[in-house]
């Protein structure tokens, strides 16, 4: 599974980001930081579960797989697509909820809540309508609508920041790194998932963009955690 050094790098970055998120929460306790820490550990768990098809392909005779085959469909063990199809709606729900926790203006907060409700309804409808395809195809509507609504919500938050005092030090806050890295990730990955069938999930362009996007988002989070930790420790340091 880790024969590709980039895959190993992404896994290490994900685990590192999750560990740093816990440290970040201890330094700056807030609902948004707590949610972020939980989310990043869920990401690690999902990515580890996504490795099961690899082991099933090379070690199908393992007792655990024989036991699982008596309970679940073999297709579930052959491909992790279904896992990411279920997780992707949660991915966008997290970011929309995260922005709701950051926004202070009640009106803007209400608008983002509405976006969250709209997205939840649309994603659930697509899952129900494409239930039979969940194991072999991505859910394009969920990704497209999720990316669009997240972009709108992020823009609302950026506008609030522009009209506040925190704009001067915004780049030092973990909020900046979380939202900005997610925006970059969406801009680069949504197009390749839309055309995933044409790229057959194995085209070099598909693989390279996906690898670069994952390195960017988790690398950015790590940088953000380190910068934010330095700021927090500086604020708590006693005056000499």
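Just so you know, all these numbers are worked out from the coordinates, no wet-lab data involved. A quick note: this is a predicted structure, and the numbers were derived from the prediction, not measured. Neighbour counts are summed over all protein chains in view; Cβ atoms, including those assigned to glycine, are modelled from backbone coordinates with ideal geometry.
What the table shows:
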| quantity | calculated |
| --- | --- |
| Size-normalised alpha-carbon gyration radius of region 1-81, reference 2.2 N^0.38 Å | 1.40 |
| Those residues of region 101-141 whose amide nitrogen sits under 16 Å from the label point placed on residue 231, 7 Å along Cα→Cβ | 102-104 |
| Point-to-point label distance, residue 72-residue 187, nm (Cα→Cβ direction, 7 Å offset) | 3.6 nm |
| Normalised contact order of region 5-234, rounded percent, pairs of Cα under 8 Å and 6 or more residues apart | 26 percent |
| Choice from 175, 73, 207 showing the highest fluctuation, given a GNM over the chain with Cα pairs closer than 10 Å | 73 |
| Compactness of region 5-234, expressed as Rg and Dmax over alpha-carbon positions, Å | 18.8, 61 |
| Gaussian network model of the chain, Cα within-10 Å springs - most flexible of 221, 116, 183 | 183 |
| 222 nm mean residue ellipticity, helices alone, for the chain (DSSP H n ≥ 4; -39,500 (n - 2.57); rounded to 500) | -26500 deg cm²/dmol |
| Among 66, 109, 88, residue whose mean-square fluctuation peaks in a GNM of the chain (springs only between Cα atoms under 10 Å) | 66 |
| FRET efficiency, 1/(1 + (r/R0)^6) with R0 41 Å, evaluated for residue 107 and residue 64 via beta carbons | 0.20 |
